[in-house]
Structure formats: structure tokens, C-alpha cells
Amino acid sequence: MSPIIVLEETIANKIAAGEVVERPASVVKELVENSLDAGADSIDIEIREGGKEYIRVVDNGRGIPSDEVPLAFERHATSKIRSADDLFRIVTLGFRGEALPSIAAVSELEMVTRPEESPMGTLIAFSGGRRTRLESVGAPAGTAVTVKRLFFNTPARYKFLNQAASERRYVYDIVGRLALANPEVRFRLVSDGEEIFVTPGDGNMEAVIWSIYGSRVGKYLVPVYRESGHVVISGYICRPEIHRGNRQAETFIVNGRVVESSLLASAMEKGYQTMLPRRRYPIGVLTLTLDPSKIDVNVHPTKREIRLSDSSEVYKQVLLAVKHALEISIPFDPWAFPGSDETSQDADQPGFVQETLEPPIVKERSAAAVSYATSRRETESPTVHRHSSAGLSPEVPPRRTLSDAVPSQCGAAGTSPARHWASHRIIGQFQATYILVEADRELLLIDQHVAHERILYEGFLAELQTSSVKTQPLLVPLHLELGPAAAARVIEWSRKLAELGFEVEQFGVKDCLVRSVPVGLTSIAVKDLEELLLGIIAAGETSDYRHNALVLMACKGAVKAGEELTPAAMQDLVDSLLSTKNPFTCPHGRPVIVRLALDDIHRRFGRR
Amino acid sequence: MRFATTQGEMLRCLDMVGRAVANRDVNPILTGIYLECENGRLTVRATDSEIGIEACTSVESDQPGKVVVEAKYFLPLVRRLPGGDVFVQELPEHQMLEIRAGTGSFRFQTMAADQFPALAAAEPKPLLRMPSQIAVRMIRQTVYAAQKDQGHSVFGGVLMEYADGELRFVATDTSRLCFNRAAVPNGENFKMILPARTCVELQRLLPSNPDSMLEIASLGSQVLFRLETEDVILVSRLLEGQYPDYTRVIPSQTDTEILASCSELISALERAELMGKKGPAIVTLSVEEGIMKLESRDVELGEANESLSIEQKGPSVTSAFQVRFLLDMLKTTDSDKVRMGLSSGLSPGMIRPVDDDDYIYVLMPVRVI
Ligand SMILES: Nc1ncnc2c1ncn2[C@@H]1O[C@H](COP(=O)(O)OP(=O)(O)OP(=O)(O)O)[C@@H](O)[C@H]1O
Ligand SMILES: [Mg+2]
């Protein structure tokens, strides 16, 4: 990142000034956004007493060089924009250079930070805006900010805070939304010593939704994707069987920024058409990507709101994205003609509207807001209204497994298996590629290769996340004849490969010896192993190389299309698939299951 | 061609060769079964060019000849015929084969028999002759350790070697290795790598009859097995390549030796095996003071723990293994007790039946990083 500089007066004035720090949740939001801007891929948030007494945010981001640390606490000091023009191309979350000084002014703040390349870190501390410490300390790479006794020097504002229980909900809400907006970042939220959630940070938004909302919501998710002109919409929404009494669970992320927008909210709701009961609101997370010059984020001091210059077009696209996702989600009608896209002429499109909706957290201060924590434990009772052809069966209680009795070892999303169907029966294999399954009133076609990929991927991921990668040392090391260049690359990568469970060593100048492989890939053929290692390396040293590696590993380890499977093997595969976090799409994003509803088949045969 | 035999005898021959019929019609003739009759001898043959099987039987015949009929229909027909006599004759003018049994009469189109490949040009001299039962045991106790469906790699095969008056079978998928041997006198030394499938097909053909004898011969890049008593031959392609030196892999000793009940161990491991929801189940074996503790866990599922009392010689030791690897071996032993050699660290473990030094299983422990 570029060094921090003080913005010129004129630019500073262009930035709408305002209160940055409203309540503990806003402190958390500012600190987490700073961590995200600093490129962190793991952020730990801990609060006590709803954040009123204690807030701590620890990241593994870039850190601040020691000579710039004091500057970071000066008003309008930012490393993120340089000039007024930059304001129209904002890609970072922060840009005002206002957050840290504002927080430091009303609390006891301590920051310890160290860029990876500096040998020593810096500790800086403030009390009510007065600097109390500035020293060099040993510290892990990254930044840790602790904020204690918020508003201790402004008793009037302190009095304005709510009970810890309700402040806590605001914190859960904002951290949840930030986690949804950043699925490639691992978030861990702890409140009064209790872990509220951990997201896997593997780039999979669906997994984040599972972590935050739990299995009830997770298993009713429908993927959304739509690309048009200058907006790309993607994300997940929940099927209409599940809904809430407020808009709290509607999350919109525009160009990486979590925003409040009644325009987007009503577009999403409209997309459900008549499927939701009155005064009930959907659950969903939509990510919109559009040209940064088409949005203005500097509308509100807390950056919560945005202004869109193409609002009616965006409204229409969001509506259609949601509508289509719901249409194709459950009752898969393989014989239907594709509908026209341009059906929204009848949709009431508002013109250019500036979003002025009060964010729900303010509005619902007095109302009986549903507790985030309890809604996470599924307070809503879904009206399972039988969909013409969805053939949903009433939910079966989750099977009691050993994990009920044993303390969960699972560090990541502690989700229970997705049970979409009450029962399923393997019919057989088609073309040695697809497994046919009867599941309640649906016929499922399961692609055996991608299904197995999904299973293996989750297995490898769980091992990596819980630091329990299991590797099988080889009795007979495998000899890869790679040629000098490739062999050298593999050796350069040997530390990263070891983390994934591959132990490689040099063998002459042209060859490598593989001494162990991940347990899931035991008895991989030499040729496949070679392709796999080169594939992992080819992705380059992006922060994402692990995800790529796991995808490739799953692919190599999975049964191939064209391989005949015994009935027992098919049963195993399908059982494991249905217990994965997301049985519907493979790690590459391809569908795993195609569902044919009985009613559609009946109709096809003219039975109804 | 014209001959008479019984439905039972005919079916016996067809069942033997049926598995060698090519199921995809790379070469359409190979989806057929070749029948040849000469001097009162019926030869039935099928091949998919990887392996070929030929079975013979005596029949009453007054006209020699040869035909090829499509296996997919001919075999089920013979299976469904009533027991008793069967009359088979070629109708060359119609290019048909007629089969009569009971009151029924059936005709099949035939294919050109000249184009059907022979299995071996000449009868090679056998390298080794031995009781079939030995081969049955040796295959059963090795073939599972070969890699499945790995094309032409040597790890997808079983090394069959004769030296120093003993026949040895070795298979490894690189993480574990099976070694099996039997003393067989009067052979000529050889070393071949059989595809795993060949072993499986051979095993299927080999009878349990204790008098049955098996001959092994080389055809250069192929191997020929002859079942004398049954009058059956199997010819298979061999795998090419260098088989790793297995003698370096088998440890000469281990730190701790354990004597355990095979059936107890199998049932405990079968329970532990359930702790592998998304990957292979791993079990940690901790041996201390005559007790072996088995522990396995799955991050998403839970864990299993149990203890077996065993006899222990040597210090306490802990090692983790893939459950399947242990079960594979234990399920193929005939003894009710096994000797297990464990060493700490990353040295391989070893399992042998209690009273048998001819079957050795070596496996690498799993490491958690
Ligand atoms: N966690 C962090 N890791 C690395 N650098 C940080 C971190 N937090 C703050 N900084 C540095 O301190 C500067 C000031 O942060 P501050 O939050 O006050 O302003 P900002 O993020 O630039 O803008 P805004 O007021 O809109 O948040 C940032 O520009 C950044 O360079
Ligand atoms: Mg900031």
C-alpha cells in the first residue's frame, strides 16, 4: 500500500464529515474494514458486554510501518486516496482517514501493528484522544486493535447505548454482513468468550451463509447469477419456504461494500412475486458488481448508503435475477421452453431514487427486533407450503449422530448434514457416468465425478482448516520425471505442497521424488500426480492457491465418468454427497444434481 | 461342424470364457465366441486382446468345423436351455448355427471364423507346474494391494517371480505392499508383472479341487496359464516396466511385536472404519502394557475408541494407519491370530499370520500435519 499522507484541506472538505462512531458496532465495522483494506485473509473479532467494555480486532494484513503509525491517527490521514479524483474510483472500504482518530478520541485504544517485512512492531495507545504510549514491540505480522471503555469521556453518548444484549446484536449483524461480503476471508467472532461463528474463508459464499445462518437456511439456498450490461449479480437467496419478519437478513454487497438499500431490497422482494406471505421478508445475499463510476458511496458518513446512477436498470436486473433463480431452482422442468427475459415491463420501476432508508439497526432500536443469536438457532418456523411440483416432504429431525455426544472438533462451520429428502434409493447407473436416485417425489440425476469431487473437496478443506491434514507416506516413493525447469518449480513449492500433504524432494536435476501424498489420494497414478502437482503450481502464488489446489486434488481423486460402480459404492457416494455442505454444485461451480419432479414427469406422460 | 454334448458341459465351457469377451466392439469379431470342433474335441474361445481364455471338452462329432457367434445372445440362450442333450450344427448355406435341445430349435447368425485370433501360435514349454490351490491362495493374498485401474503402470499389477525354488507374488500400490511365497520344486526362473485383472480372472477359473494342477508358460510379452485337469488356458498381456525392489521395503525387524486375535481386530476396525465421512478412515493404534487402544475420529462426525487385550513384546508404541489397509490384509488371512510389528515414528508396520512366514504385509503409517 502507498504511504499514508494527510489529505489537502480541499479534499478533506469534499468528504462529508459526520459522526463515525455511533456505537460499538460502528467501531467494529471501521476496524474490520481497515483490516480488509489491509489485505487480511483472517480476522478475529472479540467483544465483551456487547462491545461496550471491550472490542478487539486482530488481522493478518499488511500492518503499518512504524514511522507511519502516528500518522494513521491524524484526521484525514489515509493511504487510500490521493486526490479528489480518486473519490470517484474508490475501491477500498476506507477513504476518509477519519475512523481511527475518531475512535481514539472517545475510548482507550491500543494498536499493535507490524508489517511482515519489519523486524519489530509498533505499539501505540490513546486515552480519550491523548497519546499515552508509542513504542517498539515484538508482535506477530498484522494489526491488532483493542478498544476499551468506549465513550468513557462522553457520558452523554455512553448513556445513549442500549443494553449489552442489543449492542451485541448490532455487532453480530455487521460482522455477519462483512463476512458475507468477503467469503475469501476467514472471520471468527467471539462474544463474552463464546464463539458465535467462524467462516471458512475459502471463497465460497454459500459456506459463509451456512456458518452464519446455520443449516436451516443453508439447505434452502438457491444460487443466483445474472450478467447484463454493466451489472453482474451473484449470490444466494433462500427458497420461499423460509422467510423473516424483517429485512435484517437481506444483504447487499455492491462492489465489495455492504450497503443498505431499500431499492435493492424491494427489487429482491419483488423477485419472489407472490411466493412470500404478506409482511414477510426473504433471506438472501446478493453481490452486485458494477462500474465504480456509476455509484457514489460518499453519501453518508458511515458509508452505509450508496447512490446509483442507473437505479432503475439495477432494480430490474436484481428482480429478474431473483425471479429466475427461484424459477429454475426447485421444480426443474426439463421440457419447459426458456422464458423471455424481458418480462419486467409490468414491474413497477422507480426512477432515480436516492436511498434514504434508515438502516434497520436504528429503526428497530425499540421494536422487538429478533435477536441475531436466537434467530441463528432457528426461531422462525418455516411455513412449508407445498409447491405444486417441488414435492417437498416435511422435515425430518436431524439424525442423531455421534457428534451430538462428542464435543465438536469442527473448527469451521459447524453445520449439520443437509437433508433435502426424507429418503432416497439408488436406482442405478446410467452410461457409467450418472447415478439415478429416487428421492421422495423426485428423480435425481447425479454426476458421479462431480459428486465425488464435492465430497473430497470438503474433506480436504476440513482437514486444512482444522490443521489436521493427513498424509500417507509412501513405502515406494514415486519418481516424477519432470525436466529441469518443472522440477525446480516443484522444489520451490515444496513447503506449500507439504502443507497440503505432498512431500516432495529433489532427485537429480530433472526429477522429483514424492515421498508422501494426502491420504485421500492414496494410490494415485504417477501420471495423475504429475499433472496435479504441475496444476497446483501453475496457479501461481496467489492468495487463492490453496483453493485451486484443493479443487484439483478433488478432481484427481474422484471417480471418473465412465467408471462402473457397484451398488454399494453408489450408495456410499450418494450418502456422502447428501451430507456435504453443498451437494448441488461442485467446487468448479458445475451442477452436481439435476432434479426431475414427479409431477413434471406425470405431465409429460399426459397423466394429469 | 456338427456335434452333440450336454447343456451342462456346454455351459461350463462358455462360462469359463465368457469373461474374456470384449464388451465394446472395438473389433466386432471379438464380441463373439469362437467354437471349433475337431477330432471329437470342442474348443470354445474368447478374447478381448488383453486376455484370452480357451476351454475344451470332448464331444461326439461327425463333422469338424469352426464358427463365431455373438456372445451376448448365445451365452444366455445356452444358460436357459433345459438340462440334457444339446445338438449343434452349422448351416453354412445360411451362415447360421443351429442349436437343438428338448423340443426347441434355435438359429444364430455366424461371423467369419477365420478372422478370430488364435491365443498362442504354438504350445510353449511350461516354466513351472504346481497345484492350483497354491495360486488361488497367493492371488487372494496379494491382488488387493495393487492399484485399481491404473492403466499400464507396474503398480496396477502383481509381480510373479520364481527363484530359489520358490514362487513369489508381490503387489503394492506404493503405500503398502503384500508379499507372498510358496515352495514349488522343479521350475525355471522367471519374473513377470501380471495385470491385476488377469489375476482376478485366473482366480475365478481356478477350481478348489485339491488335485487340480496349473502350468505357467511364457509367450514373450504374454503369459500362458494352463489348467490341466479342466482343459482351460488363459493368455494375458504382461505389464512392462521395472518393478521396485520389494526386498528393500520389507523391514527386517520392528520395535514391538504384538499377537492379536484376527477376528477381534477385524470387528473393532470395522467399527472404526465408520469414522471416515469424507475421506478414508484413519485409526491410531496405541500399544501399552498388553492393551492395544484403537482410536479414530472424523472432524464432522465424532470418534470411536476401543481397547483389545493383546500379547506384547517390546516397548509401548503408537502408530496411525488407514483402516482399510489393515482390513484388506486381515480379511485375507486364514489364521485366527496375527503378528503385528510396529515401530515408532514413520517406520513401516508389518503384519503376518501367526503360524505362517510366507505371507508378509508391510504398510506405512499415516501422518497428521
Ligand atoms: N488494520 C490495519 N492494517 C493496516 N493499516 C491500517 C489498519 N488500520 C488502519 N490502517 C492505516 O491507517 C490509515 C488510517 O485508517 P482510518 O480507518 O483512520 O482511515 P481510512 O481507512 O483511510 O479511511 P476511513 O476513515 O474511511 O476508514 C489507513 O489509511 C491505513 O493506511
Ligand atoms: Mg478505515
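The values are calculated or read from the model by the stated rules, or taken from the named source; none is laboratory data. As the structure is a prediction and not an experimental result, all values here were calculated from the model. Don't worry about glycine lacking a Cβ; one is built from the backbone with ideal geometry, like all the others, and counts go over all protein chains shown. Keep in mind that these areas ignore ligands, DNA and RNA; they rest on the heavy atoms of the full protein, side chains included. Shrake-Rupley method; radii C 1.70, N 1.55, O 1.52, S 1.80 Å.
Between B:Ser175, B:Ser252, B:Ser347, the GNM of chain B built on Cα springs shorter than 10 angstrom shows B:Ser252 fluctuating the most. Here the dipole of region B:250-363 is about 340 debye; that uses its Cα centre as origin and unit charges on the Cβ of Lys and Arg (positive) and Asp and Glu (negative). Between the residues A:Ala125, A:Phe160, A:Leu150, the greatest Cα displacement towards the positive end of the dipole of region A:9-161, with unit charges on the Cβ of Lys, Arg, Asp and Glu, is found for A:Phe160. When chain B is treated as a GNM with alpha-carbon contacts under 10 Å, the residue of B:Tyr243, B:Tyr73, B:Tyr144 showing the greatest mean-square fluctuation is B:Tyr73. Per-peptide packing, taken as the mean over residues of other Cβ atoms within 10 Å, places A:496-509, A:127-140, B:155-168 in the sequence B:155-168, A:496-509, A:127-140 from highest down. The residues of region A:203-310 present an accessible area of 32 Å² per residue when probed at 1.4 Å with all protein chains retained. Compared with the rule-of-thumb size 2.2 N^0.38 Å for a compact globular protein, region B:238-342 has a Cα radius of gyration ratio of 1.19.
Of the trypsin sites (Lys or Arg not before Pro) found in region B:281-369, those in coil by DSSP whose Cβ has at most 16 other Cβ atoms within 10 Å are B:Lys331. The ellipsoid that matches the Cα gyration tensor of region A:9-161 has semi-axes, each √(5λ) in whole angstrom, of 22, 21, 15, with the longest given first. Extending 7 Å from Cα along the Cβ direction at A:Gln431 and again at A:Glu117 yields two label points whose distance is 5.4 nm. The order of the peptides A:555-564, B:105-114, A:216-225 by mean Cβ neighbours within 10 Å, most packed first, is A:216-225, A:555-564, B:105-114. The calculated FRET efficiency for A:Ser42 paired with A:Ala165, based on their beta-carbon distance and R0 = 30 Å, is about 0.60. When both region A:170-197 and region B:66-125 are represented by their alpha-carbon centers, they are found 74 Å apart. Other protein chain C-beta atoms within 10 Å of residue C-beta, averaged over B:300-310: 4.
Each Cα pair under 8 Å and six or more residues apart adds its sequence gap; the mean of these over the residue count of region A:9-161 is a relative contact order of 24 percent. Please list, by residue number, everything in region A:441-477 whose backbone N is under 11 Å from a paramagnetic label point 7 Å out along Cα→Cβ of B:Ile369. Hits in region A:441-477 for B:Ile369 at 11 Å: A:469-473.
Sparsely packed loop sites in region B:1-46 (the trypsin sites (Lys or Arg not before Pro) outside DSSP H, G, I, E and B with at most 13 other Cβ atoms within 10 Å) comprise B:Arg24. So if I take the centroid of the Cα atoms in region A:21-47 and the same for region A:94-161, what is the distance between those two points in Å? Region A:21-47 and region A:94-161 have Cα centres separated by 12 Å. Per residue, chain B reaches -5000 deg cm²/dmol at 222 nm when only DSSP H runs of four or more residues are counted, each adding -39500 (n - 2.57).
Overall, region B:112-201 carries a charge dipole of about 320 debye about its Cα centre when +1 sits on the Cβ of Lys and Arg and -1 on the Cβ of Asp and Glu, all other atoms neutral. For the residues of A:524-530, the average number of beta carbons from a partner chain within 10 Å of their own beta carbon is 4. For the residues of A:475-483, the average number of beta carbons from a partner chain within 10 Å of their own beta carbon is 4. Calculate the FRET efficiency for A:Ala561 and B:Asp15 from the Cβ-Cβ distance with a Förster distance of 22 Å, rounded to the nearest 0.05. FRET efficiency, A:Ala561 to B:Asp15: 0.10.
Each Lys and Arg adds +1 at its Cβ and each Asp and Glu adds -1 at its Cβ; summed about the Cα centre, region A:9-161 shows a dipole of about 560 debye. Rounded to 0.05, the FRET efficiency of the A:Leu513 and B:Gln115 pair, given R0 = 51 Å and the Cβ-Cβ distance, is 0.60. Spin-label pair A:Asp528-A:Glu481: with each label point 7 Å from Cα along the Cα-Cβ axis, the two points sit 2.2 nm from one another. For the residues B:Pro244, B:Pro92, B:Pro64, a GNM of chain B with alpha-carbon springs under 10 Å puts the largest fluctuation on B:Pro92. Placing dummy labels 7 Å off each Cα toward the beta-carbon, the span from B:Arg80 to B:Asn189 is 5.6 nm.
The GluC sites (Glu not before Pro) of region A:170-259 that DSSP puts in a loop, and whose beta carbon has at most 16 other beta carbons within 10 Å, are A:Glu184.
Protein heavy-atom accessible surface, 1.4 Å probe, per residue over region B:2-115: 51 Å². The distance linking region B:164-180 with region A:491-511 is 29 Å (Cα centroid to Cα centroid, whole angstrom). For A:Lys496, the lysines whose Cα falls under 19 Å of its own Cα, not counting residues fewer than eight places away in the same chain, are A:Lys470, A:Lys556.
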